Amino acid sequence: MQHVATNPYLPGWEYIPDGEPRVFDGRVYVYGSHDAPDGTAYCPGDYVCWSAPVDDLGAWTFEGVVWRKSDDPANADLAGYGAPDVCRGADGKYYLFYFCMATPDGPVISVAVCDDPAGRYRYLGPVRTPDGKRFTAASGYGLPFDPAVLACKDGGCWLYYGFGAKKAGGRLPSAATEGSFVVRLSDDMHTMTGAPVRLAPGCLQADGTGFEGHAFFEASSIRELDGRYYFVYSSEVGHELCWATMPAPDGPVTYGGVLVSNGDVGLPGHETEDKAVMDLGNNHGGMVRIDGRDYIFYHRHTHGAQHARQGCAEPLYIAVDGSIEQVEITSCGLNRAALPCGRVYPASICCHLVGPHGAVHYRGDLELAPNHSVITQEVDAGCVTSARTYVANFCDGATVGYKYLAFEGTERILRCEVRGDFEGELEVHIDAVDGPVIGAVACAPDAGWHEATAGIEGLTGSHAVYFAAKGKGTLDFSAFCFE
């Protein structure tokens, strides 16, 4: 029996952004950065790996730590690593590509190798130029940042990397404005066979290229599907992942469109950031074909901060001509169908969370309103894996939504787990934020977690469900069940 999959697809206490999904021998493995729920910086944790069978994308297994911060001898300050990718070489071994910011030479892409996709990787060395020198920003070919790899059947691999800062100057070197690059590596998997080639343009090179308004910023990712090479990246907009196509691994590259926004910006009714359905922030992920179906992996932001990101995924639909339309974010993601009623779901699997002041775009100088609604967690007795995730600061004018739930027509009761000084009702709407009301959960002030229930009208079929707070005070919303 298949397990039910939700977004985020990993347990609510896990924070794996920048997820690159890879399928090896009947399992999908996710490699990503490692955030912390209370983090004040990106990627402070060691690399861990999770995997699931391709025919059961709700059955994720924790594979453990595959790479520690101390495993790279150049990482003397034990800084976090960002945005890894993995490929299987022609020799059958697995190669982990990652970058470290805290080296004497600035950002450096390095490689580790392992006999198994989720084993303990061992250090191989930094990526080197053809003359054997360590590849750095001073080498003259962009910023070594966010590596992505495509294995070559005849040995070696293609390495993609880069950064497209919107302006020169500041803390970043001039190489950070130059956009994305690609270069082939030799059979040793870490030495360039020639000079890198510029690929997708950054903001300063985008005029007249077709990438205007969606220029390359970061987060290179590469896949070959149906004879086409799809280059996925995070654009200058920040919250969106875009796609481009290439006839060959080294280009030329043609802009395609937006794959996903972590706030649904760009979809009908949400054309601008002030219409976002979730808080916005940077985005990173990759495409993958699993058991004949295509998906885009991406991440969302929690805890009212930039540094507590969780992996999500949505199905993609690639047209015969290779084009891809932007997909909406959902709560069911990898489930391949609406979530069945009769189960208890954490409120934190929402795909719509808008407080009374709207969604925000996270930036370093952002100050949140005291009643801004966020996804957060609490840990009981120090056991992280039993952490309760919930929606905090839910208050009058806020809405939280879920796409999609499958109703059988027999459900008559809604049970919610809540706490707080809120006094009022949670109106339950279907199909739209202002859609028909099928029930209302009466809430009274209570500081402890408790159950509040309501009768609901019978429904059949797949529906989006939205809870709207109407009353005084604030509420923490932990879980719900239609039964």
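The numbers here are math on the coordinates, done by the rules we state, and not lab data. On a predicted model such as this, the values are computed, not experimentally measured, just so you know. Backbone-built Cβ (ideal geometry, glycine too); neighbour counts: all protein chains shown.
For the set 69/167; 93/167; 167/275; 403/472; 93/166, the pairs lying more than 29 angstrom apart at their alpha carbons are 69/167; 93/167; 93/166. Other residues with beta-carbon under 13 Å from the beta-carbon of residue 464 carry, at +1 per Lys or Arg and -1 per Asp or Glu, a net charge of -3.
Taking a ≥ b ≥ c as the square roots of the Cα gyration tensor eigenvalues, with a/c under 1.5 meaning rounded and otherwise prolate when a/b beats b/c, else oblate, which class fits segment 20-337? Each step should come with its number before you reach the end.
Numbers: a/c = 1.28, a/b = 1.14, b/c = 1.12.
Rounded shape, in that the Cα axes give a/c under 1.5.
Could you let me know the centre-to-centre spacing of segment 1-61 and segment 444-469, using Cα atoms, in angstrom? Between the Cα centre of segment 1-61 and that of segment 444-469, the gap is 29 Å.
Tell me the net charge near residue 390. Cut-off is 12 Å between Cβ atoms, residue 390 excluded, with +1 for each Lys or Arg and -1 for each Asp or Glu.
Working: positive: 388, 419; negative: 378, 417, 476.
Within the 12 Å Cβ shell, the charges total -1.
Contact order for segment 20-337, expressed relative to its length and based on alpha carbon pairs under 8 Å spaced 6+ residues apart, stands at 12 percent. Taking a ≥ b ≥ c as the square roots of the eigenvalues of the Cα gyration tensor of segment 419-483, is the shape rounded (a/c under 1.5), prolate (a/b larger than b/c) or oblate? Note, shape of segment 419-483 comes out prolate. Neighbour counts of C-beta atoms inside 10 Å place 451, 411 in the sequence 451, 411, starting with the fewest. Counting only Cβ charges, +1 for Lys and Arg and -1 for Asp and Glu, the dipole size of segment 172-254 around its Cα centre is about 100 debye. Phi angles across segment 288-305 convert, under the Karplus curve 6.51 cos²θ - 1.76 cosθ + 1.60 with θ = phi - 60°, into 3J(HN,Hα) values of 7, 9, 10, 6, x, 10, 9, 9, 10, 9, 8, 9, 10, 10, 10, 6, x, 8 Hz, Gly and Pro given as x.
Here the alpha carbons of segment 340-482 define both size measures, Rg and Dmax, at 15.0, 49 Å. Distances between every pair of Cα atoms in segment 30-172, grouped in 10 Å steps from 0 to the bin holding the largest one, split as 11, 39, 36, 12, 2 percent.
Arranged by the count of other C-beta atoms within 10 angstrom, fewest first, what order do 475, 316 take? Please list the in-between numbers first.
Numbers: 475 30, 316 21.
Ascending number of Cβ neighbours within 10 Å: 316, 475.
The Cα center of segment 291-312 and the Cα center of segment 77-156 differ in position by 23 Å. As a proxy for reagent exposure, ranking 186, 261 by other Cβ atoms within 10 Å from fewest up yields 186, 261.
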